[in-house]
1. Answer yes or no as to whether Ser83 is within 13 Å of the ligand (Cβ to nearest atom) and farther than 25 Å from Pro273 by Cα.
2. Checking Ala211 against (1) hydrophobic (A, V, I, L, M, F, W, C); (2) touching a helix residue (DSSP H, G or I) at 6+ places or on another chain (Cβ under 8 Å); (3) at pLDDT below 95, which test does it fail?
3. Ala12 passes all but one of (1) over 30 Å from Lys128 (Cα atoms); (2) of a type in the set (A, V, I, L, M); (3) within 7 Å of the ligand (Cβ to nearest atom); which number fails?
4. Does Ala15 qualify as being part of a helix (DSSP H, G or I) and within 19 Å of the chain's Cα centre (by Cα)?
5. Against the definition (within 13 Å of the ligand (Cβ to nearest atom), within 21 Å of Ile261 (Cβ to Cβ) and in the same structural domain as Val297 (by TED's automatic domain parsing)), how does Ile53 come out, yes or no?
6. Consider Ser52 carefully, then state whether it is modelled with pLDDT under 95 and either under 20 Å from the mean Cα position of the chain (by Cα) or crowded, with 19+ Cβ neighbours inside 10 Å (or both).
7. Which residue is nearest to the chain's Cα centre (by Cα), if the candidates are limited to the range 65-102 and must be farther than 16 Å from Trp248 by Cα and among the hydrophobic types (A, V, I, L, M, F, W, C)?
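The values are calculated or read from the model by the stated rules, or taken from the named source; none is laboratory data. Since this is a predicted model, take the numbers as computed values, not measurements. Neighbour counts are summed over all protein chains in view; Cβ atoms, including those assigned to glycine, are modelled from backbone coordinates with ideal geometry.
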Amino acid sequence: MYDLIIIGGGPAGAAAAVYAARKRIKTLMIVEEWGGQSTVSTEVQNWIGTPSISGMDLANALKNHVLAYAGEFLTVQSPDSASAIAAHDDRVEVTTHKDTYKAKAALVVSGASRRKLDVKGAKEYDQKGLTYCASCDGPLFADKDVAVIGGGNAGFETALQLLAYCKSVTLLSRGTAFRADAITVEAAKANPKMRIVLNAIPTEVFGDPPAGGFVKGLKFKHLDTGEEETLDVEGIFVEIGLIPNTAWLGSAVELTPFKQIKVDPKTQRTSHPRIWAAGDVADGLYHQNNIAAGDAVKALEDIYMYLRRS
Ligand SMILES: Cc1cc2nc3c(=O)[nH]c(=O)nc-3n(C[C@H](O)[C@H](O)[C@H](O)COP(=O)(O)OP(=O)(O)OC[C@H]3O[C@@H](n4cnc5c(N)ncnc54)[C@H](O)[C@@H]3O)c2cc1C
């Protein structure tokens, strides 16, 4: 029986594991893949204390930091992935592809996956001009024409961020009405560099040279007229949703309608007294590496107090 099982090996999981080992909590960490979502980034410029690091180097740094503490108190199982969790009054049981493990508490940090754009060319130009994170990659497109796909709050907030330094921003929304907060929409509309196209769906991402190069543009269709238009843009920012990795949890904890885990932001506790959650899998408003790591540390501090009391 462990004291704690941590599920996930992104910034949240790594931060929690280091803190758990240092507090001598008997912990099992289950990691499908090290590093989390920003592993695919060519450059992460806002991991505090590190002006610039590739996503892969960040993943390795997180892994090495955790493995430096593996031993008597911390067992790391990777690659493995949790497929189910059963929460009881006196314990939790986490089932993986290898076995079922028991603990007094569990911390779910299984993160999220971006909903990917599914049109011709999107896969080929992923991370070659087509990106899923404006805070991470936006500044690389300073003084360039860019497009944003997605008309919700994330799309409009991305557009506002890009308007600060891009030459022009065209936002495509498939709906006929704005889905973002009015104040955000108004701020975007007021900027002369902004163009908003409602009722439009992307049909193709293309580049130069046709394969293996970088994005040169985007084709989209006006749904009301059927007319196709081509945009010459060097950056495409996709904000069509985040899918939290919560399917494996079943009904163990309460989820929001968007399938994020509901947590108390002061403690990261979920609806089950033995389960905590942090990072992109939880229902926090903002999703960044530093936030995920910080919230996981907060959870760990609370778990530590809980274990000491029980
Ligand atoms: C392309 C891209 C670039 C980004 N760049 C930046 C950036 O530059 N700066 C920044 O601050 N933020 C960036 N972000 C956002 C940032 O990556 C996330 O906010 C952060 O990774 C969240 O960390 P997390 O640990 O909560 O979850 P994740 O990073 O999603 O990690 C989840 C972990 O859990 C594992 N896992 C999932 N399911 C299971 C399971 N069932 N069993 C075991 N393990 C499981 C995964 O393999 C992974 O290790 C970027 C996001 C994307 C998509």
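1. On the way: within 13 Å of the ligand (Cβ to nearest atom): yes; farther than 25 Å from Pro273 by Cα: no.
Considered against the rule, which asks whether it is within 13 Å of the ligand (Cβ to nearest atom) and farther than 25 Å from Pro273 by Cα, Ser83 comes out as no.
2. (2)
3. Ala12 satisfies all of (1) over 30 Å from Lys128 (Cα atoms); (2) of a type in the set (A, V, I, L, M); (3) within 7 Å of the ligand (Cβ to nearest atom) except (1).
4. Numbers: part of a helix (DSSP H, G or I): yes; within 19 Å of the chain's Cα centre (by Cα): yes.
It is true that Ala15 is part of a helix (DSSP H, G or I) and within 19 Å of the chain's Cα centre (by Cα).
5. Working: within 13 Å of the ligand (Cβ to nearest atom): yes; within 21 Å of Ile261 (Cβ to Cβ): no; in the same structural domain as Val297 (by TED's automatic domain parsing): yes.
So Ile53 fails the test.
6. Values: modelled with pLDDT under 95: yes; either under 20 Å from the mean Cα position of the chain (by Cα) or crowded, with 19+ Cβ neighbours inside 10 Å (or both): yes.
The answer is yes for Ser52.
7. Quick first cut of the range 65-102, residues farther than 16 Å from Trp248 by Cα only: 65-79, 88-91, 102.
Next, only the ones that are among the hydrophobic types (A, V, I, L, M, F, W, C) stay: 66-68, 70, 73-74, 76.
On the way: Val66: 20, Leu67: 23, Ala68: 26, Ala70: 26, Phe73: 29, Leu74: 26, Val76: 22 Å.
It comes out as Val66.
Table: residues versus (1) more than 26 Å from Leu162 (Cα to Cα); (2) surrounded by 14 or more Cβ atoms within 10 Å (Cβ to Cβ); (3) in contact with a Cys (Cβ under 6 Å, 6 or more places away or on another chain).
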residue: Lys221; (1), (2), (3): no, yes, no
residue: Glu227; (1), (2), (3): yes, no, no
residue: Leu242; (1), (2), (3): no, yes, no
residue: Asn245; (1), (2), (3): yes, yes, no
residue: Asp264; (1), (2), (3): yes, no, no
residue: Thr267; (1), (2), (3): yes, yes, no
